[in-house]
Amino acid sequence: MAFEVILNQPNRYRVLLECYPEGVFVNLFEMEDSPRPIQDPFQPDLALAKQFCEDRFGIPLDAWVEIPDEEWH
């Protein structure tokens, strides 16, 4: 399962949350065509990952859109 928000800001185009049993990777993509994230901090669960993104990037908790898992890595 994955969730994303398109920020479309300088050096912050998109944030992708990748959920795994052990926790959630918070992937920050710099541009629309970035092949991989420029940051990927790990959070213990989805709620904490969303809270991290609200605190760090100002993303409201209800802004996330569920998407299919990506095969970028």
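Other residues lying with their Cβ under 14 Å from the Cβ of residue 47 contribute a combined charge of -3, Lys and Arg counting +1, Asp and Glu -1. Rounded to the nearest 500, the helix-only mean residue ellipticity at 222 nm of the chain stands at -5000 deg cm²/dmol, with each DSSP H run of n ≥ 4 adding -39,500 (n - 2.57). The alpha carbons of the stretch 2-67 stretch over 29, 23, 20 Å along the principal axes, in descending order.
Read-outs: derived from the displayed coordinates by stated rules, not from any lab. Keep in mind that what you see is a predicted model, and the values were worked out from it rather than measured. Reconstructed Cβ throughout: ideal geometry from the backbone, glycine too, with neighbour counts over all protein chains shown.
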